[in-house]
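Here is the structure we will look at, set down as structure tokens.
None of the figures in this text is laboratory data; all of them are computed from the coordinates on show. In this text the structure is predicted, and so the values were computed from the model without any measurement. So basically every Cβ, Gly included, is an ideal-geometry build from the backbone, and we count neighbours across all protein chains shown.
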Amino acid sequence: MDDVLEYCKSLGIILSDEGAKKLEVYANRLLEWNKIHNLSGASTLDSIKENIIDSLYPLRFVDSFVSCLDIGSGGGFPAIVLSIALPQVRFILTEPRVKRFAFLQHMIAQLELGNTRVLPTRIQEIPITEVNNIDLITSRAVMSVEEIMHYGRKFLSHNGHYLLFKGSRFKKEMPSMSIEECFSRNDRIYFYKKG
């Protein structure tokens, strides 16, 4: 995990020693669970490390935030990684698939992520009374940008933002996007837009 920490440091992202240890535990547990349950496409330690970097990279450009709602949390990218890196931020994860929900619950307990909870539901089913005034909504390859923005809008705070992890087809999905709202690294496009 030292190579991940060095890369992050080169970007100006510094993790605590405790955070670094938790990332290592998370990477190893995900690798173990993936062999049985296929929680994420990251099936080697190197691919998990790349996904950790992918999750942390936006910390270079996002405004500070105190709460985050992650839609379709899957195996924990980016939300578990971000919750480890930012223990002062409150994270709410949503994951309706039972095995992935169980894994996320397990990781939150094992890593003692007191700032994080996971709901076993889809965003369409979350009551506004339970989740509201969120600063940042994140999502990675779950649904279209339009759908995420439609369903997420009611949860956002007045100055809230979306941070969506998209691939190369994103330009076709959002031809009218503003270049100021897009950041890229390798084949990843990070769409960061005020709600």
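Hey, got a sec? Which trypsin sites (Lys or Arg not before Pro) in the stretch 133-176 land in a DSSP loop and have at most 12 other Cβ atoms within 10 Å?
The qualifying sites are R169.
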For labels at E130 and K154 in the simple 7 Å Cα→Cβ model, what's the distance in nm? 1.3 nm
Of all DSSP beta bridges located in the chain, what percent are antiparallel, nearest 5? 35 percent
Looking at the square roots a ≥ b ≥ c of the eigenvalues of the Cα gyration tensor of the stretch 143-187, which shape do they give, rounded for a/c under 1.5, prolate if a/b is larger than b/c, or oblate? prolate
Cross-link table K22/K49; K21/K49; K166/K194; K22/K194; K172/K193, entries beyond 19 Å C-alpha to C-alpha: K22/K194
Place a label point 7 angstrom from the Cα of K194 along the Cα-to-Cβ direction, then list the residues of the stretch 45-72 whose backbone nitrogen is under 20 Å away. 59-69
For the chain, with only Lys/Arg (+1) and Asp/Glu (-1) charged at the beta-carbon, what is the dipole magnitude about the Cα centre, in debye rounded to 20? 480 debye
Classify the chain as rounded, prolate or oblate from the Cα gyration tensor: take a ≥ b ≥ c as the square roots of its eigenvalues, call it rounded if a/c is under 1.5, otherwise prolate when a/b beats b/c and oblate if not. rounded
Given backbone amide H placed at 1.01 Å from N, residues whose amide H is under 5 Å from that of T121, ignoring those fewer than 5 places away on the same chain, are E95
Can you list the HN-Hα couplings for the stretch 126-131, worked out from phi with the Karplus curve (6.51, -1.76, 1.60; θ = phi - 60°), rounded to whole Hz and with x for Gly and Pro? 7, x, 4, 5, 8, 9
Residues with amide H under 5 Å from that of L39, placed H, sequence gap 5 or more: N34
If you take the beta carbon distance between K21 and M177 as r and set R0 to 35 Å, what does 1/(1 + (r/R0)^6) give as a FRET efficiency, to the nearest 0.05? 0.35
How much net charge surrounds D2 when only the other residues with a Cβ under 13 Å from the Cβ of D2 are counted, with Lys and Arg +1 and Asp and Glu -1? -1
Long-range HN-HN contacts of R90 with modeled amide H, under 5 Å: S67, C68
Which of F165, F183, F77 has the fewest Cβ neighbours within 10 Å, and the rest in rising order: F183, F165, F77
At the level of C-alpha centres, the distance separating the stretch 4-54 and the stretch 93-142, in angstrom, is 19 Å
Taking Rh as the Kirkwood radius computed over C-alpha pairs, what is the Stokes-Einstein D of the stretch 1-44 at 20 °C in a medium of viscosity 1.002 mPa s, expressed in µm² per second? 187 µm²/s
